[in-house]
Amino acid sequence: MHVPNGFLDAPTSVATGVVAAGAIGLALRGARRELDDRTAPMAGLVAAFVFATQMLNFPVGAGTSGHLLGGAIAAVLVGPWTAILCTSVVFVVQALLFADGGITALGTNIDLMGLSTVLVGWCVFRGLQAVMPKRTSLVPVQAGLGAFVSVPVAALLFTALYAVGGTADIPLDKLAAAMVGVHLLIGIGEGIITALAVGSIIAVRPDLVYGARRILRARELEIRPAATSGASS
Amino acid sequence: MGADHGHRLHFHAHSPLHSAPSHAKILALVAWVLLVVATPAHWFWAFGVHAVVLALAIGVSRVPVTYLLKRAVVETPFVVFAVLLPFIATGERIDVLGVAVSGPGLLAAWGLLVKGTLGVLASLLLAATTEPQDLLLGLQRLRVPQQLVQIMAFMIRYLDVVTDELQRMRVARESRGFTARDPRQWPVLARTFGALFIRSYERGERVHLAMLARGYTGSIPTEATRRPVTAHAHIHGSRR
């Protein structure tokens with residue numbers, strides 16, 4: 001659900017645009033540390049991946065379905081700075097090439113669905129990683145919890161923005177309750193799918209998961225003696 | 001190169017709007033939509049003026065109105081919200097067709113609908129009259145950081161590749177008798193994500209290596225830096 005033009009008033013739209021521009025500027029610097037000179041092609045393909053994830057629908061039952069927001073999973077997979085760049089680029093392309101989400105609401109969409117989900121998802125993920133035992137099997141769980149928390153926080157942030165620059169008077173407590181309530185449910189889905197997806201990547205290529213690299217580095221080299229020698233495969 | 005298949009929204013035609021410089025179109029769109037958004041909802045005449053301006057632009061572009069209207073469905077969720085607004089908003093109640101609704105809510109719903117629709121049609125008009133390459137060039141001329149434009153260029157170039165990959169995985173799943181009905185099928189779909197991510201990431205690495213092999217130094221030759229390719233240079237393969 002992208003915020004369209006005219007949902008928030010002009011000053012709020014401009015202010016969120018300034019915040020988004022600042023965040024992208026910071027992220028451009030930070031991403032160089034995560035990806036060095038590979039930034040442009042890698043971030044471009046991860047952005048295409050994030051775009052594609054929003055196209056895969058997950059059936060919820062009773063004929064309804066939803067899709068991932070993808071901010072938290074992107075943060076865990078490629079690092080927070082690159083994730084901010086990728087999600088922002090996705091929203092810019094969606095606004096300019098697909099007319100999805102208002103062009104004046106571009107900053108709002110980047111702040112809410114890109115920036116906030118990436119940052120919240122990453123902070124929760126890192127926080128859990130600091131207190132939980134360092135095992136790769138726990139990374140999907142931490143990623144899932146990060147994704148779960150990120151969705152209602154983004155909804156709360158939307159309510160706050162609406163309180164500042166909303167164009168209609170809706171009782172704010174009702175709006176906040178409805179938004180957070182619905183998004184808690186969406187967050188459960190986001191969390192479970194993120195955990196499952198990160199788990200499947202860790203099983204195959206744990207080295208690709210940015211959030212798991214610290215743990216991998218702490219692993220010790222073990223030399224396993226060959227069980228059988230000269231046996232046919 | 002994804003250069004020749006364009007994108008889904010582009011409408012091929014030759015009009016002044018198609019050939020106008022893309023940075024001017026982007027600036028005009030942002031300025032005009034900001035103006036529309038800033039217009040108070042009760043200035044009904046002003047929206048008439050906005051609509052006439054938009055209609056003129058669409059007329060000049062030679063893009064059929066039905067083409068744009070069909071694609072305006074992206075704003076449907078917010079139309080639903082706008083329709084509900086008069087019932088959930090606070091303020092004095094007025095009677096419309098025997099139903100008591102909130103007066104300010106009704107005005108806000110009108111504002112939301114008209115601003116959203118005008119904005120979405122204008123954005124669609126930009127997408128319909130501008131090729132992705134021109135759009136990137138326009139962003140570059142507007143001093144959007146080079147790196148960001150490059151990321152965007154790569155994303156647009158590989159968007160169809162990655163979404164086709166997802167499509168092929170869907171066909172493969174379904175040809176094995178898989179149908180996703182409820183959350184019990186999530187693990188399978190999540191593994192699709194995992195596979196898609198690994199494939200996208202590895203493709204990115206291959207693309208990067210291929211670019212290095214062709215002398216990539218961190219910036220893409222643009223219109224300004226690219227010299228016209230002569231037949232001689234082209235045959236001898238020395239483009240730069």
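The values are calculated or read from the model by the stated rules, or taken from the named source; none is laboratory data. Remember, predicted model here, so these are calculated numbers, not experimental data. Backbone-built Cβ (ideal geometry, glycine too); neighbour counts: all protein chains shown.
Condition check ((1) within 14 Å of chain B (Cβ to nearest Cβ); (2) part of a helix (DSSP H, G or I); (3) at pLDDT 80 or above) across all residues:
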residue	(1), (2), (3)
A:Asp169	yes, no, no
A:Ile188	yes, yes, yes
A:Ala212	yes, yes, yes
A:Leu221	no, no, no
A:Arg224	no, no, yes
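Set side by side, the residues B:Ala153, B:Ala195, B:Ala190 differ, and just one is among the small types (Gly, Ala, Ser), within 9 Å of chain A (Cβ to nearest Cβ) and either without any contact (Cβ under 8 Å) to a residue 24 or more places away in the chain or loosely packed, with under 12 Cβ neighbours inside 10 Å (or both), which is B:Ala190. Sub-8 Å Cβ pairs linking a first residue in the stretch B:119-146 that is more than 8 Å from chain A (Cβ to nearest Cβ) to a second residue that is of a type in the set (Asp, Glu) and surrounded by fewer than 22 Cβ atoms within 10 Å (Cβ to Cβ), at least 6 apart or interchain, are B:Leu137/B:Glu223, ordered by first then second residue.
For (1) without any contact (Cβ under 8 Å) to a residue 60 or more places away in the chain; (2) within 18 Å of A:Ala74 (Cβ to Cβ), each residue gets a yes or a no:
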position: A:Ala130; (1), (2): yes, no
position: A:Phe148; (1), (2): yes, yes
position: A:Thr159; (1), (2): yes, no
position: A:Leu184; (1), (2): yes, no
position: A:Ile193; (1), (2): no, yes
position: A:Leu196; (1), (2): yes, yes
position: A:Ile202; (1), (2): no, yes
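Of everything in the stretch B:25-38 that is without any contact (Cβ under 8 Å) to a residue 40 or more places away in the chain and more than 18 Å from the chain's Cα centre (by Cα), the residue that is nearest to the other protein chains (Cβ to nearest Cβ) is B:Ala38. Exactly one residue out of B:Thr163, B:Thr179, B:Thr192, B:Thr130 is modelled with pLDDT under 90 and in the same structural domain as B:His23 (by TED's automatic domain parsing): that is B:Thr130. Of the residues making up the stretch A:12-37, those that are under 15 Å from A:Gly114 (Cα atoms), among the β-branched types (Val, Ile, Thr) and within 12 Å of chain B (Cβ to nearest Cβ) number 1.
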